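Please read the structure below before turning to the comments.
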Amino acid sequence: MTTTQDHELIIVGAGPAGLCAALYAGRSEMDAVLLEQGAPGGQLLLTELVDDYPGLEEVGGLELAERMTEHAAKFGVESTYGVVESIRRDEAGRFLVAVSDGTVYRSSAVVLTAGGTPRRLGVPGEEEFRGQGVSYCAICDGAFFKGQTIAVVGGGDSAVEEGEFLTRYAEKVYVIHRREAFRAQAVLEERLLRNPRAEVIWHTVVEEIRGDDSGVASLALRDVGTGETSELPVTGVFIFIGFDPNTTVLAEHVEHDAGGYLLTDRDMRTSVPGLFAAGDVRSQLVRQITTAVGDATTAVFAAEKYLVDLAEREGSESAAAGSEGAAAPAGATSA
Ligand SMILES: Cc1cc2nc3c(=O)[nH]c(=O)nc-3n(C[C@H](O)[C@H](O)[C@H](O)COP(=O)(O)OP(=O)(O)OC[C@H]3O[C@@H](n4cnc5c(N)ncnc54)[C@H](O)[C@@H]3O)c2cc1C
């Protein structure tokens, strides 16, 4: 059976952006609901250690997720388990957020903080050693590989740029690409190829990530041309084969960039009035915890302002309609 719940604000996704949005919505005493399909924390739950969140020199991803969840709960926003299946609008322009248990949440404003998902290689060892040498984020984890030999997998802008970035920490960075040429911008490619700490292994794929209790130890490689196999000793592997923003729930077109990330203005407004986007789901230069919470802060205050303006507009429209209605009999009399 479908039930409908009305709220002032709906927040979709409880990663750092959603939890921060809930904190500020609760603190502003808005009637908001936070919908999350899994445990709260988002990508923090994939992160072993965070050492770049100001004020917390080193904190485990799980611990930070728990602390953010408790902090948001303190301000009283309703947090609900729910897999959001679609976000569409009714004839009145209100958002209808449908959740898999049949509940429809309705509001005039939505903050979408559904984040994104790094694409997986899908080889043995990848899940086992995630956070133990397998990473999807160079800015986040690069510093843990000082002086070590590591590998980067991929051939687009991210792989090439992040590969070069990682040479500031690692002694040696192998960039493993299955083709014979990169798909990256020429300037990024030149920078990488000039770097003495970087070496490209062309037309090669990773078949397995191997290791032991202390983490990644080597990669099993296969040359896609000759079929020859080899083993490359590395202590870390960074996978940059794409990242998918979680936007498939949007039933209508929302302006986005070539990668599918939602375009917003400085107030996190998307091209759909009342729909705000914050964190990794949004088109921006870097995707970090700090940027996610910053976006979310802006989005909630912008949403609050949007709702006030909307209420004023609707109030003055109904007053105008009321006075027209009241004037009608007089008009009828004079006719
Ligand atoms: C391995 C790894 C290590 C990282 N390390 C760091 C680091 O050290 N420092 C740093 O600053 N950043 C780090 N990052 C990046 C950082 O985690 C992200 O930038 C940040 O989590 C983005 O927050 P977000 O809330 O926008 O999205 P996410 O964290 O992706 O959260 C989105 C949430 O939305 C939920 N969701 C999605 N779709 C639906 C749906 N249909 N219905 C309901 N819920 C939904 C998801 O379940 C998820 O909980 C790391 C990322 C990874 C992958």
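The values are calculated or read from the model by the stated rules, or taken from the named source; none is laboratory data. It should be emphasised that the depicted structure is a prediction, and the values quoted were computed from it without experimental measurement. Cβ coordinates were reconstructed from backbone atoms using ideal geometry, including for glycine residues, and neighbour counts include every protein chain displayed.
Observations on the model:
- Residues in segment 157-171 that are crowded, with 16+ Cβ neighbours inside 10 Å and closer than 27 Å to Ala217 by Cβ: Ser158, Ala159, Val160, Glu161, Glu162, Gly163, Glu164, Phe165, Leu166, Thr167, Tyr169, Ala170.
- Residue match in segment 33-47 (condition: in a helix (DSSP H, G or I) and without any contact (Cβ under 8 Å) to a residue 24 or more places away in the chain): yes
- Matching strands (runs of 3 or more DSSP E) fully within segment 88-129 where at least 3 residues are out of contact with any Phe, Trp or Tyr (no Cβ under 6 Å at 6 or more places or on another chain), at negative phi and surrounded by 14 or more Cβ atoms within 10 Å (Cβ to Cβ): 95-99, 103-107
- Checking each residue in segment 141-172 for being touching a Lys or Arg at 6+ places or on another chain (Cβ under 6 Å) and closer than 22 Å to Asp51 by Cα picks out Thr149, Glu164, Thr167, Tyr169.
- Residue ID - nearest to the ligand (Cβ to nearest atom), chosen from residues in segment 241-268 that are within 16 Å of the chain's Cα centre (by Cα) and of a type in the set (D, E, K, R): Asp244
- Here Gly236 fulfils each of the conditions (1) within 15 Å of the ligand (Cβ to nearest atom); (2) under 15 Å from the mean Cα position of the chain (by Cα); (3) farther than 20 Å from Ala25 by Cβ apart from (2).
- Of the residues making up segment 211-240, those that are surrounded by 18 or more Cβ atoms within 10 Å (Cβ to Cβ), in contact (Cβ under 8 Å) with a residue 40 or more places away in the chain and either β-branched (Val, Ile, Thr) or part of a strand (DSSP E or B) (or both) number 10.
- Being away from the ligand (no atom under 12 Å from the Cβ), in contact (Cβ under 8 Å) with a residue 24 or more places away in the chain, outside the structural domain of Ala292 (by TED's automatic domain parsing) and more than 24 Å from Ala143 (Cα to Cα) holds for only one residue in Val104, Val123, Val77, and it is Val123.
- The single condition among (1) touching a residue at least 40 places away in the same chain (Cβ under 8 Å); (2) under 18 Å from Asp244 (Cβ atoms) that Ile150 does not satisfy is (2).
- Spans of strands (runs of 3 or more DSSP E) in segment 140-204 with at least 2 residues within 16 Å of the ligand (Cβ to nearest atom), at pLDDT 95 or above and not acidic (Asp, Glu): 149-153
- Checking each residue in segment 67-76 for being hydrophobic (A, V, I, L, M, F, W, C) and either under 17 Å from the mean Cα position of the chain (by Cα) or within 16 Å of Gly41 (Cβ to Cβ) (or both) picks out Met68, Ala72, Ala73.
- Qualifying residue in segment 7-16 (condition: part of a helix (DSSP H, G or I), within 14 Å of the ligand (Cβ to nearest atom) and either surrounded by 24 or more Cβ atoms within 10 Å (Cβ to Cβ) or within 18 Å of the chain's Cα centre (by Cα) (or both)): yes
- Residue under evaluation Leu285, criteria (1) without any contact (Cβ under 8 Å) to a residue 24 or more places away in the chain; (2) more than 23 Å from the chain's Cα centre (by Cα); (3) surrounded by fewer than 17 Cβ atoms within 10 Å (Cβ to Cβ), criterion not met: (2)
- Taking segment 56-87 as the range and being modelled with pLDDT of 95 or more, in a strand (DSSP E or B) and not hydrophobic (A, V, I, L, M, F, W, C) as the test, the residues that pass are Glu85, Ser86.
- Qualifying position, being exposed (fewer than 15 other Cβ atoms within 10 Å of the Cβ) and closer than 19 Å to Glu164 by Cβ, among Arg197, Arg183: Arg183
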